[in-house]
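One structure follows; several queries about it will come next.
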Amino acid sequence: MRRTSIEEILAATGGRLIQKSEEKFITGVRHDSRETSAGHMFVAIAGENRDGHMYIPAVVEKGCRTVLVSHTEGWLAELDDAGQSVNAILVEDTAAAMGKLAAWYLSSLDIRRVAVTGSVGKTSTRDMIYYVLSGKYRCGRNLKNYNNNIGLPISIFRFDEDTEAAVLEMGMDAFGEIDYLSGIVKPEIGVITNVGIAHMEKLGSREGIFKAKMELAGNITPKAEGGTLVFAGDEDFLTKAKTAGDYEQIEIGIKKDADLVISDIDDFGIEGIKFTAVCNGEKAEVRLPVPGRHNAVNAGLALAVGKRLGVSLREGAACLAGAELTGSRLKKIEGKNVTIIDDTYNANPDSMKSALDVLKNSRAKRRVAILGDMFELGEEEERLHREVGLYAKNIGIDRVLCIGTLAAEISAAAAGTHFPDRESFLSRMGDYIREGDMVMVKASRGMGLEKIVEALETL
């Protein structure tokens, strides 16, 4: 973060300075007291389970001299008793004020802005765009998977004055959230990976999910200023007719009339994929060290963004050859006796089937899928779990082991083996896994199946 004055913070947030220190500038913003040090502004967020204001004395002890607060109860008296003073900026809602500050800060930088959302693949696509643009620009992206109203601003504050392009992922599980986040970024280029069924429970239907994702389009800069919407075309929702607006449209897909056409996909399982990309007469062969046929389209989205910002297809393909994705997404791990595909980051029916395809196309003595519950699928959750089980059975996965309440439906359809919880599986894991197996582990994040990955490594 570039040096930012207390006066600039007050103007951006609309806050009131209720106490002053000698510090005139900050050089970073943190909401985690463990990461806060001298020169940072600490944002005290009052959450459902814990109030960040209780950590103010601790961050002040570490050298922090500026805090963004929504009340003075407890902490201010404690500082006064200790004879310590800070720049205390009082606002009504610290998370909302942080969003305002992030919007102001990003607008103060001379930076190309790309926003990414979608039901599946948004983090992978964000990472691929980052690699493509990094061949031409000094590029920034979200920290880890920080894609909500807290994480997005915190990520923005990490950008320095010399950052030339930012690729920012936006997550959501309710209407209005993408509108809020994209309103902070005001992207020059918006990217929608797909409209799936994640968050069906809260948004009601795919029509609702489409509406929520399209909130991004409402904040893209106008066409006259270079605004562009890049999307992976499908026949239901993401079409040029349905996504039209005051911006240029670039459609990616395997259809011959797409603006960037993906073809000749070779799937090497966990070792990655190869495909051909063609756009405006330019052609490139792409070797992607990221598994999954579905990632050809995600990479196509990244290439389209790059081309829009002056990176040729061939240059973009060369950058993608070294791409590494964030988190446990189809990550290959060589254990003591088995090879593991760690895809425990999250799950929905589409990503579950894609991961099963990767397992099927990987070379191994035996292919074993360990699958857990998928959350937030609404009234159709049992049917959708059964569909995954039937898919696993039909493509010929050698063994399907299922963990959790809903995963019983996967097990029944796949003729697999069911365990009620993680602990019951771990107690018998050795009975089902053989030396030389290729084992894929996937479930919604809340299932905590990374513990199984750890156990498989030493089995």
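The values are calculated or read from the model by the stated rules, or taken from the named source; none is laboratory data. Computed from a predicted model, the values in this text were never measured in an experiment. Glycine also receives a Cβ, built like all others from the backbone with ideal geometry; neighbour counts cover every protein chain displayed. Keep in mind that these areas ignore ligands, DNA and RNA; they rest on the heavy atoms of the full protein, side chains included. Shrake-Rupley method; radii C 1.70, N 1.55, O 1.52, S 1.80 Å.
To the nearest 20 debye, what charge dipole does the chain have about its Cα centre, counting +1 at the Cβ of each Lys and Arg and -1 at the Cβ of each Asp and Glu?
1240 debye
As a test, work out the antiparallel percent of DSSP beta bridges whose residues both lie in the chain, rounded to the nearest 5.
Around 30 percent of the beta bridges assigned by DSSP in the chain are antiparallel ones.
Moving to a separate point now. Exceeding 27 Å between C-alpha atoms, which entries from my cross-link table qualify? They are K255/K353; K202/K353; K211/K332; K144/K307.
Table pairs above 27 Å Cα-Cα are K211/K332.
Indicate the gyration tensor shape class of the range 109-156 (rounded, prolate or oblate), computed on the Cα atoms with a ≥ b ≥ c the square roots of the eigenvalues: a/c under 1.5 is rounded; otherwise a/b larger than b/c is prolate and the rest oblate.
Cα axes put the range 109-156 in the oblate bin.
I would also like to ask the following. Taking 0.36 nm per residue of separation and subtracting the Cα-Cα distance, what length does fully extending E201 through E380 add?
63.6 nm
Is the chain best put as rounded, prolate or oblate by its Cα gyration tensor, with a ≥ b ≥ c the root eigenvalues, rounded for a/c under 1.5, and otherwise prolate when a/b is larger than b/c, oblate when not?
oblate
Quick one: 3J(HN,Hα) in Hz for the range 265-276, Karplus 6.51/-1.76/1.60 with θ = phi - 60°, rounded, Gly and Pro as x.
Couplings: 7, 10, 10, 9, x, 5, 7, x, 9, 9, 7, 10 Hz.
With +1 on each Lys and Arg Cβ and -1 on each Asp and Glu Cβ, how big is the dipole of the range 276-320 about its Cα centre, in debye rounded to the nearest 20?
Charge dipole of the range 276-320: 60 debye, to the nearest 20.
May I ask for the angle, rounded to the nearest 10°, between helix 94-107 and the longest principal axis of the chain, with both axes built from Cα atoms and the value confined to 0 to 90°?
The two axes meet at around 90 degrees.
Let me ask you something else. Given a 1.4 angstrom probe, I'd like the percentage of the accessible area of the range 326-459 that is carbon and sulfur, rounded to a whole number.
Roughly 42 percent of what the probe reaches on the range 326-459 is carbon or sulfur.
Which of the listed residues, G28, I89, G74, is farthest toward the dipole's positive end in the range 1-145, when Lys, Arg count +1 and Asp, Glu count -1 at the beta-carbon?
G28
Order these peptides, 166-177, 237-248, by their mean beta-carbon neighbour count within 10 angstrom, highest first.
Listed from highest to lowest mean packing, they are 166-177, 237-248.
Now for a different question. Of all accessible surface on the range 147-191 at a 1.4 Å probe, what whole percent is carbon and sulfur?
43 percent
Excluding residues fewer than 8 places away in the same chain, name every one of the aspartates and glutamates whose C-alpha is closer than 15 Å to that of K393.
D357, E409
Among N337, V286, G245, whose Cα lies farthest out toward the positive end of the dipole of the range 220-373, if unit charges sit on the beta carbon of Lys, Arg (+1) and Asp, Glu (-1)?
The residue sitting most towards the positive pole is N337.
Using a 1.4 angstrom probe, figure out how much accessible area the chain has per residue, in square angstrom, rounded to the nearest whole.
Per-residue accessible area for the chain comes out at 42 Å².
Expressed as an acute angle from 0 to 90° and rounded to the nearest 10, what is the orientation of the C-alpha long axis of helix 349-360 relative to the principal long axis of the chain?
The helix 349-360 is inclined about 50 degrees to the chain.
Where a Cα-Cα gap under 19 Å defines reach, which lysines qualify for K100, not counting those fewer than 8 residues away within the same chain?
In chain and number order, the partners are K186.
Once both axes come from the Cα atoms, what is the angle between helix 295-308 and the longest principal axis of the chain, in degrees from 0 to 90, rounded to 10?
Between helix and principal axis, roughly 50 degrees.
Provide the FRET efficiency to the nearest 0.05 for the D257-F25 pair, computing r from the beta carbons and using R0 = 51 Å.
0.45
Per-residue counts of other Cβ atoms within 10 Å, averaged by peptide: what ranking do you get for 346-355, 111-120, highest first?
Listed from highest to lowest mean packing, they are 111-120, 346-355.
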